[in-house]
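Structure, as structure tokens:
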Amino acid sequence: MTSRPRKLLMASIAVLCAPPLRAQPASCIATPASLTPKACKVPTIAEAHAPKNVLRLIADVPLPGPANRFDYQSVDPASGRLYISHMNAGRLIVFDLDSSCVVREVTGVDRATGVWAVPAHHMVYVSAAGRREAVAIDDRSLAIVARIGGIRFPDGIAYAPAEHKVFISDESGDADVVIDARTNRKRSTIALGGEAGNTHYDSVSHCILVAVQTRNQLVAIDPASERIVSRYDLRGSDSPHGFAIDEPGRLAFITGEGNGLLQVWDLRTMRVLSTHRVGDDPDVLGWDAAWRRLYVASESGVVSVFQLDGGELHQLGEMRAPHAHSVSVDPRTHRVYLPLENVGGRPVLRVMSP
């Protein structure tokens, strides 16, 4: 899909699914049976003209630091940067996507897990689980400007733009923690009643969604009131942790760590459309919205590749790489990035393309 059709598609989605105009931001639109506004008309999305092959190697780019575990990544298309949590090195790697080189390592983020770029505030938020805190980094100076403590095990991160709030999964604290992006101070802790998996923002329902892995549920939170609006039982999923959202198509792709299954959920009806086998212990998902491709990276080193045609998900194949449990996609180039902790005794960023 070229740049112009993609822009037209996103503009039509904004019109078809926009909430009524009001003085205050819209509330989270979630009912027990749906995560989609009644007035939202899902547009017909043309089949993406994407290659049907799995992935081909572009380069293995050497990364600094010791050969140990990485975790989440965050792409900022506006700046052309990729932020990578080098978890067991306690660093954030800043990678320039255009020149394919490392810009900087930011230290002082012990056991870095989640990471999310918020360019509207020139901030990058990192979950520093070793210090039980979230760290705010200025994306211009790459200096740490705030530390927000009192989070037992910070993990996945999401951002609600209308409210200027950051939501962080507190995995072992059984909660989602809310931070004000304007002040970098903690606002609240939302009890989930179970371990928090990943957290995402859905702009169509205007909800923060959290996978609660020990309850096999997806939880919808209103970012304005900071309260749980609805819970959805994820039948057939065992310990759901990672997920991705096709916002215009109103689909959620949710993986179960315990049974190695990927489920496709219809966010209009909250029903399972299909189930697919992926690698053991799936972790991070990458979604290429323009090319309608889904990547599921697993702790077992399997990266499963899927193509969405209409509303049907088809597996194209899989590839294997040691410790390939984290994946990201550059929406501008469709390149896929896999940080690998040990290839020939050193860490590398494996760059691949369909």
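So what's the back-of-envelope 222 nm ellipticity for the chain, counting only DSSP H runs of four-plus at -39500 (n - 2.57) apiece and dividing by all residues, rounded to 500?
Working: 1 runs with 15 residues, N = 354.
For the chain, the value works out to -1500 deg cm²/dmol.
In whole Å, what are the extents of the chain along the principal axes defined by its C-alpha atoms, from largest to smallest?
For the chain, the Cα extents along the three principal axes come out at 53, 46, 40 Å.
Which order, highest average first, do 308-316, 256-264 follow once you tally other Cβ atoms within 10 Å for each residue and take the mean per peptide?
Details: 308-316: 15.1, 256-264: 20.2.
Ranking the peptides 308-316, 256-264 by packing returns 256-264, 308-316.
Please work out the C-alpha center-to-center distance from the range 159-201 to the range 253-294 and express it in whole Å.
23
Compute for the range 71-121: radius of gyration divided by Kirkwood radius, i.e. Rg/Rh, restricted to C-alpha atoms, rounded to two decimals.
That ratio is 0.96, to two decimals.
Give, as a single signed number, the net charge of other residues whose beta carbon lies under 12 Å from the beta carbon of LEU340, with Lys and Arg counted +1 and Asp and Glu -1.
Details: positive: ARG69, ARG320, ARG346, ARG350; negative: ASP60, GLU341.
Charge balance in the 12 Å sphere: +2.
Work out from phi, with θ = phi - 60° and the Karplus expression 6.51 cos²θ - 1.76 cosθ + 1.60, the ³J(HN,Hα) of each residue of the range 340-347, listed in order in whole Hz, and give x for Gly and Pro.
Couplings: 10, 6, 8, 10, x, x, 9, x Hz.
Using heavy-atom solvent-accessible surface (probe 1.4 Å) with all chains present, what is the largest-first order of LYS186, LYS41?
LYS41, LYS186
Quick one: how many lysine pairs does the chain have with C-alpha atoms less than 25 Å apart and a gap of 8 or more or different chains? Give me the count, please. If you can, show how the numbers build up before the last one.
On the way: LYS7/LYS38; LYS7/LYS41; LYS7/LYS52; LYS165/LYS186.
Going through the chain pair by pair, I get 4.
Kirkwood Rh, Cα Rg: Rg to Rh for the range 107-194?
Details: Rg = 11.7 Å, Rh = 12.5 Å.
On the Cα set of the range 107-194, Rg over Rh gives 0.94.
What net charge is computed for the residues neighbouring MET319, neighbours being all others with C-beta under 13 Å from the C-beta of MET319, Lys and Arg scored +1, Asp and Glu -1?
+2
Students often check this: by mean Cβ neighbours within 10 Å, which of 133-141, 177-185 ranks highest, and how do the rest follow? Before the final figure, lay out each step's value.
Numbers: 133-141: 18.7, 177-185: 16.9.
Top of the packing list down: 133-141, 177-185.
Where does the range 224-354 land on Rg/Rh, using Cα atoms and the Kirkwood Rh?
Ratio of gyration radius to Kirkwood radius: 0.99.
Using only the alpha-carbon atoms, what does the range 180-226 span along each of its principal axes? Please give whole angstrom values in decreasing order.
Taking max minus min along each principal axis of the Cα atoms, the range 180-226 gives 33, 24, 16 Å.
Over the range 264-321, what is the relative contact order in whole percent, taking alpha-carbon pairs under 8 Å and six or more residues apart?
Details: 103 pairs, mean separation 13.6, N = 58.
Averaging sequence separation for qualifying contacts and normalising by length gives 24 percent for the range 264-321.
Given charges of +1 on the Cβ of Lys and Arg and -1 on the Cβ of Asp and Glu, with all other atoms neutral, how large is the dipole of the chain about its Cα centre, in debye to the nearest 20?
Dipole size: approximately 740 debye.
Compute the FRET efficiency between VAL54 and ALA78 as 1/(1 + (r/R0)^6), taking r as their Cβ-Cβ distance and R0 = 25 Å, and round to the nearest 0.05. Let's see the in-between values first.
Numbers: r = 29 Å, r/R0 = 1.16.
The pair VAL54/ALA78 has a calculated efficiency of 0.30.
5 Å is the cut-off here: which amide hydrogens, built 1.01 Å from N in the peptide plane, fall below it relative to THR31, excluding neighbours closer than 5 in sequence?
Here THR36 satisfy the definition.
The values are calculated or read from the model by the stated rules, or taken from the named source; none is laboratory data. The structure displayed is predicted, hence computed values, not measured ones. Reconstructed Cβ throughout: ideal geometry from the backbone, glycine too, with neighbour counts over all protein chains shown. Accessible surface areas use protein heavy atoms only, side chains included; no ligands, DNA or RNA. Shrake-Rupley method; radii C 1.70, N 1.55, O 1.52, S 1.80 Å.
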